1. Relative contact order for chain B using alpha-carbon pairs under 8 Å, separation at least 6, rounded to a whole percent?
2. Summarise the partner chain shielding of B:93-102 as one whole number: the mean count of Cβ atoms from other chains within 10 Å of each residue's Cβ.
3. Based only on Cα atoms, what Rg/Rh ratio does the stretch A:50-108 have, Rh being taken as Kirkwood's radius?
4. On average, how many beta carbons from a partner chain sit within 10 Å of the beta carbon of a residue in A:105-111?
5. Using bins 5 angstrom wide from zero, how does P(r) for the protein assembly as shown break down, in % of all Cα pairs?
6. Hey, what did the stretch A:1-86 get for relative contact order, percent, Cα under 8 Å, at least 6 apart?
7. Which value, in debye to the nearest 20, describes the size of the charge dipole of chain B about its Cα centre when Lys and Arg Cβ atoms bear +1, Asp and Glu Cβ atoms bear -1, and nothing else is charged?
8. Taking chain A as the region of interest, what is the percent of Cα-Cα pairs per 5 angstrom bin, listed from the shortest bin to the one with the maximum distance?
Amino acid sequence: DVKVTQSSRYLVKRTGEKVFLECVQDMDHENMFWYRQDPGLGLRLIYFSYDVKMKEKGDIPEGYSVSREKKERFSLILESASTNQTSMYLCASSPYRGFSYEQYFGPGTRLTVT
Amino acid sequence: AQTVTQSQPEMSVQEAETVTLSCTYDTSESNYYLFWYKQPPSRQMILVIRQEAYKQQNATENRFSVNFQKAAKSFSLKISDSQLGDTAMYFCAFMLERSQGNLIFGKGTKLSVKP
């Protein structure tokens, strides 16, 4: 089974802190994604990466950055956390142009910024 | 730009009955894929069913089937014989074939199956 893991299920941080959210996948997938999920807004793409050291902005990249130094790991960084970044963060991975194009999701990190 | 619309924020159904979740999308392109994802309470999002736009036949996975109307840009999900475990958020998603695998999601429908 494909496994996508995220470093924390719940995280509480203070305004202005630098926050790291880690995601690891074990299926040698090329693509990795970070989404933000808010009630009534669905999932919105923050950043994605289709290869090591490659990154592309999604729909809402402001206030976030990412790092992908190894194929299996994709990190989301909040440079200076703000209260409007309180949300559920989902990581996903998929094979590059794989047959199924299925994205496999992690369990999510619920981040609260106070 | 591509958009996905789910017009039903919440729905409920009695156990063993059938329910249909609606999804419409907008695109000017011809080659794309459509998906339904399920997110049970406090659990991971999983793929329910997918449809290739070039296929006329509607996809089916056990109790889950879709009604894909390409001209109308409609992609509804039918759940037959609903079970309590079907209670979840359901997201419709769209992906262009030429993309890097990026999904565009609707806002979701919260489905409650009642005993």
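Bear in mind these aren't lab numbers, they're just calculated from the coordinates by the rules spelled out. Worth saying up front: this structure is predicted, and the values here are computed from it rather than measured. Virtual Cβ from ideal backbone geometry, glycine too; neighbours counted across all protein chains shown.
1. Relative contact order comes out at 37 percent.
2. Across the residues of B:93-102, the mean count of other-chain Cβ atoms within 10 Å is 5.
3. Values: Rg = 12.8 Å, Rh = 13.1 Å.
That ratio equals 0.98.
4. Mean partner-chain Cβ count within 10 Å for A:105-111: 3.
5. For the protein assembly as shown, the pair-distance distribution reads 1, 7, 15, 18, 19, 17, 12, 7, 3, 1, 0.
6. Working: 169 pairs, mean separation 27.1, N = 86.
Computed over the stretch A:1-86, the figure is 31 percent.
7. Values: 12 positive and 10 negative charges, 25 e Å.
The dipole of chain B has a size of about 120 debye.
8. Once binned at 5 Å, the Cα pair distances of chain A give 2, 13, 24, 26, 19, 10, 4, 1, 0.
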